[in-house]
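K.L.:
I have a structure here, written as structure tokens, and I will follow up with some questions on it.
What follows draws every value from the coordinates through simple rules; no lab data is involved. Keep in mind the model is a prediction, meaning the values are calculated, not measured. Because the Cβ atoms are built from the backbone with ideal geometry, glycine has one as well, and the counts that use them run over all protein chains shown.
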Amino acid sequence: MSQTKPLINGHAHNDYWHLRPLHDAFDNGFMSVEADVHLLKGDLLVNHEAAFTRKGRNLTRLYLDPLYRLAGANDFRSVYVNGPAEFILYIDIKQGCPDILDTLISQLQPYQMILTKWHDGVKSEGAVSIIVGACGKEEKWLSDSVRWFYFDAHL
């Protein structure tokens with residue numbers, strides 16, 4: 001089997017409609033995927049519409065665990081074999097802002113080893129960079145001494 005060539009500018013939009021959301025995007029070389037997330041009953045469930053979310057189809061199972069395994073297979077440098085760092089996971093907040101950010105932070109903690117992070121404003125590049133859609137309450141988290149995600153903010 002040949003190795004998938006990463007598409008630096010490739011983005012998979014709404015890939016959670018697939019049976020294998022992250023893996024279908026990964027198998028096609030995408031370096032960026034989007035997960036629409038709802039904070040429901042204390043979990044981050046993935047779907048564009050809250051009415052179609054299902055327990056078990058959450059951010060951890062569909063994205064964080066697989067990304068951790070992929071990066072781990074490559075010494076935590078990239079999700080692709082000999083690939084570039086900073087695969088992008090774009091998290092589009094659909095429901096639960098601003099409380100969703102506290103839940104997201106707690107769910108990201110076990111995955112610190114693969115994540116791009118900022119410590120006192122200094123960036124350390126990881127295998128995975130997370131961009132979170134802004135919801136207008138970012139000031140609280142922007143002042144944290146350690147942060148594991150960018151904000152996609154409205155100007």
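K.L.:
Based on the Cβ-Cβ distance from F52 to F151, what FRET efficiency comes out when R0 is 25 Å, to the nearest 0.05?
P.N.:
0.45
K.L.:
Here is a follow-up. Which is the longest run of the chain containing none of the trypsin sites (Lys or Arg not before Pro) found in DSSP loop states (not H, G, I, E, B) with at most 13 other C-beta atoms within 10 Å?
P.N.:
Result, exposed sites excluded: 56-136.
K.L.:
With the contact rule set at Cα under 8 Å and sequence spacing of 6 or more, what percent relative contact order holds for the stretch 23-138?
P.N.:
Answer for the stretch 23-138 is 27 percent.
K.L.:
Out of residues 5 or more away from L7 or on other chains, whose amide H comes under 5 Å of its own, with H placed 1.01 Å from N in the peptide plane?
P.N.:
When sequence neighbours closer than 5 places are left aside, the close amide H contacts are F30, M31.
K.L.:
From the convex hull of the Cα coordinates of the stretch 25-72, what is the mean projected area in square nanometres?
P.N.:
Average of the hull's projected areas for the stretch 25-72 equals 3.8 nm².
K.L.:
May I pose another question? Show me the three semi-axes of the equivalent ellipsoid for the stretch 40-148, from the C-alpha gyration tensor (sqrt of 5 times each eigenvalue), largest first, rounded to whole Å.
P.N.:
23, 19, 10
K.L.:
Set the Förster distance to 25 Å, then compute FRET efficiency between Q107 and N82 from the Cβ-Cβ distance, nearest 0.05.
P.N.:
Calculated value: 0.30.
K.L.:
In whole Å, how far is the Cα centre of the stretch 14-74 from that of the stretch 89-155?
P.N.:
Cα centres, the stretch 14-74 to the stretch 89-155: 16 Å.
K.L.:
List the aspartates and glutamates whose Cα lies under 20 Å from the Cα of K117, skipping any in the same chain that are fewer than 8 positions away.
P.N.:
Answer for K117, where 20 Å is the Cα cut-off: E34, D65, D75, E86, D92, D102, E125, E138, E139, D144, D152, listed by chain and number.
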